[in-house]
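Just so you know, all these numbers are worked out from the coordinates, no wet-lab data involved. Being a predicted model, the structure only gives us computed values, none of them experimental. Every residue, glycine as well, gets a Cβ built from its backbone with ideal geometry; the counts of neighbours run over all protein chains shown.
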Amino acid sequence: MRQRKAEAETGPRRVLITGATRGIGRAMALRIAREGYEVVITGRKPSPQADEVLKALEDMGAKAHALYFDVTDRAAAQTALTEFTAEQGPFWGVILNAGINRDGPLAGMSEEDWDLVLETDLGGFYNVLKPLILPMARRRSGRIIVMSSVSGITGTRGQTNYSAAKAGLIGAAKALSAELASRGITVNVIAPGVIDTDMVTAEDRERILPYVPMRRLGKPEEVAGLAAFLLSDEAGYITRAVIPVSGGIF
Ligand code: NDP
């Protein structure tokens, strides 16, 4: 397999994908495993959905693990990730994908909905990456992919919390790319438009479709394809990029 030669040079290409129990994270886990990477999926708790993803990965013959922690829980993230890397070695790639939305106009938005979206979508950046950065940097080769959103670029009505968190992720990823470039680690941002997953309600679909030039929702696999490319050796000189997968929505 293509990854074998690379592994001989830098150790196993193990990739952590947060929020990979369903949706875009699941599609990325399957796609990336197919490319020969070792995959570690995460979710908040063990669930039938997480088991299904693990089984699908194992059926493909992939080396796969699951870790369970809430990305808003700094101590839990630190413990799970530090214990895992102490046993298995550092990650080569990290895809920060776990995320939620709690939409509504700011005038009616609860404190809880504001805080939870910021703590999950932006707070997860610190809580997950902080325990992993030094071991990755020592390896002098790696990839970090951050899942933002078109909302983080344009700001979307009814999504002040989500747009703020996703814009914050773009700033954080750009800053981190500058910190890690000399270590051979690229940091890039994927900004999906509207992708057909549990996150998008039937009303969202009706409302948003007229604004999508391609007049359809994206498929999780169409985001996974870009993630696989950003992990590849061919993408080794791409860093600090923000790449939409959006059917042209703006
Ligand atoms: P889904 O709702 O389908 O899946 C979300 C995933 O995140 C699940 O695996 C869930 O795990 C995990 N997750 C949620 N909260 C937490 C938490 N606190 N701790 C740990 N894991 C958590 O979402 P999508 O696949 O649609 O979205 C994936 C990413 O892409 C998100 O960051 C989202 O903001 C972004 N995105 C999605 C778009 C879309 O249209 N779908 C558009 C733009 C960006 P579990 O519930 O099993 O614990």
Practice item. Arrange the peptides 44-57, 161-174, 140-153 so that the one whose residues have, on average, the most other Cβ atoms within 10 Å appears first. Key: 140-153, 161-174, 44-57
Review point. Taking +1 at the Cβ of each Lys and Arg and -1 at the Cβ of each Asp and Glu, which of Ile24, Pro90, Met199 sits farthest along the dipole of the chain towards its positive end, judged by Cα position relative to the Cα centre?
Key: Pro90
Practice item. Could you sort out which of Lys166/Lys219; Lys55/Lys174; Lys174/Lys219; Lys63/Lys174; Lys130/Lys174 sit more than 24 Å apart by Cα distance in this structure? Key: Lys55/Lys174; Lys174/Lys219; Lys63/Lys174
Review point. Gaussian network model of the chain, Cα springs within a sub-10 Å range: biggest mean-square fluctuation belongs to which of Thr186, Thr239, Thr197?
Key: Thr197
Review point. Just the Cα atoms of the chain: what Rg and Dmax do they give in Å?
Key: 17.3, 56
Check your understanding: If R0 is 30 Å, what FRET efficiency do you get for Thr82 and Ala107 from their C-beta distance, rounded to 0.05?
Key -> 0.10
Study note, to complete from the structure: In cubic angstrom per residue, the convex hull of the stretch 133-250 built on its Cα atoms measures 107
Check your understanding: With charges set only on the Cβ (+1 for Lys and Arg, -1 for Asp and Glu), what does the dipole of the chain come to about its Cα centre, in debye to the nearest 20?
Key -> 880
Point to revise | GluC sites (Glu not before Pro) lying in DSSP loop within the stretch 135-226, provided at most 13 other Cβ fall within 10 Å | key: none
Check your understanding: the stretch 43-87 to the stretch 182-213: how many Å between their Cα centroids?
Key -> 23
Point to revise | Modelled FRET efficiency - R0 25 Å, Ser47 with Met214, Cβ distances, 0.05 increments | key: 0.15
Check your understanding: Which cross-chain or sequence-distant (5 or more) residues have an amide H under 5 Å from the amide H of Ile95, H modelled 1.01 Å from N in plane?
Key -> Leu16, Ile17, Thr18, Ile145
Practice item. Note down, for the stretch 97-176, the three equivalent ellipsoid semi-axes (square root of 5 times each alpha carbon gyration tensor eigenvalue), biggest first, whole angstrom. Key: 28, 13, 8
Check your understanding: Comparing Ala66, Ala175, Ala98, which has the greatest mean-square fluctuation in the GNM of the chain with Cα pairs linked when under 10 Å apart?
Key -> Ala175
